[in-house]
Amino acid sequence: MSGKHQRNTEGLKKHARRKSEETVKKVDEAIQKLIKAGEKINFNSVSLEAGVSKSYLYTHQEIKERIESLRKQQAAVLSPKQIKREMTDASKDIIIAAKNKRIKELEAENKRLKDELKMLRGKLYESLE
């Protein structure tokens with residue numbers, strides 16, 4: 001065989017280009033879906049959602065930088081779970097303080113009623129003599 005035969009690889013190149021474009025589109029759609037759902041954006045979540053490997057995400061610099069950027073943005077903003085947890089802790093503190101106040105009020109009322117009861121028993125005893 002002679003090395004002069006020219007191979008027709010144009011079809012393979014087109015297919016590879018199209019497949020690469022489709023994969024980038026799948027990754028982009030996965031990121032958009034995660035953002036809309038309020039999910040965490042990281043290499044694991046994008047990889048699972050897009051159906052691509054993490055190594056694919058790491059080797060494509062533009063995609064890698066986008067994921068890292070979104071991940072940093074999300075780290076700066078508290079998630080709804082974190083906000084709820086902080087609100088829950090704060091509301092627990094408020095509830096505990098309110099209950100402690102109520103307990104003190106009830107203890108004072110209880111003491112006052114016991115003193116009043118002692119006084120009334122004394123008067124009753126005196127009236128019986």
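The values are calculated or read from the model by the stated rules, or taken from the named source; none is laboratory data. In this text, all values refer to a predicted model and were calculated from it rather than measured experimentally. Positions of Cβ are generated from backbone atoms using ideal geometry, with glycine treated the same way; all protein chains shown enter the neighbour counts.
Name the residue, out of Ile94, Ile103, that is assigned to a helix (DSSP H, G or I), modelled with pLDDT of 95 or more and either within 36 Å of the chain's Cα centre (by Cα) or among the β-branched types (Val, Ile, Thr) (or both).
On inspection, the qualifying residue turns out to be Ile103.
Of the conditions (1) assigned to a loop (DSSP other than H, G, I, E, B); (2) loosely packed, with under 11 Cβ neighbours inside 10 Å, Asp115 satisfies every one except a single condition; which number is it?
The single condition Asp115 does not satisfy is (1).
Kindly provide the set of residues from the range 29-48 that are within 22 Å of Val77 (Cα to Cα) and part of a helix (DSSP H, G or I), ordered by number.
Ala30, Ile31, Gln32, Lys33, Leu34, Ile35, Lys36, Ala37, Phe43, Asn44, Ser45, Val46
May I ask you to list the residues in the range 2-57 that are without any contact (Cβ under 8 Å) to a residue 24 or more places away in the chain and at positive phi?
Let us first name the residues in the range 2-57 that are without any contact (Cβ under 8 Å) to a residue 24 or more places away in the chain, namely 2-22, 25, 28-30, 32-34, 36-37, 39, 44-49, 53-55.
Of everything in the range 2-57, nothing turns out to be without any contact (Cβ under 8 Å) to a residue 24 or more places away in the chain and at positive phi.
Could you check the range 77-129 and list, in sequence order, the residues that are of a type in the set (S, T, N, Q) and over 30 Å from Ile35 (Cβ atoms)?
Asn100, Asn110, Ser127
Collect the residues in the range 16-37 that are within 24 Å of the chain's Cα centre (by Cα) and of a type in the set (S, T, N, Q), keeping them in residue-number order.
Hit for the range 16-37 is Gln32, nothing else.
Out of (1) out of contact with any helix residue (DSSP H, G or I) (no Cβ under 7 Å at 6 or more places or on another chain); (2) part of a loop (DSSP other than H, G, I, E, B); (3) of a type outside the set (D, E, K, R), what's the single condition that is false for His15?
Of the numbered conditions (1) out of contact with any helix residue (DSSP H, G or I) (no Cβ under 7 Å at 6 or more places or on another chain); (2) part of a loop (DSSP other than H, G, I, E, B); (3) of a type outside the set (D, E, K, R), the odd one out for His15 is (2).
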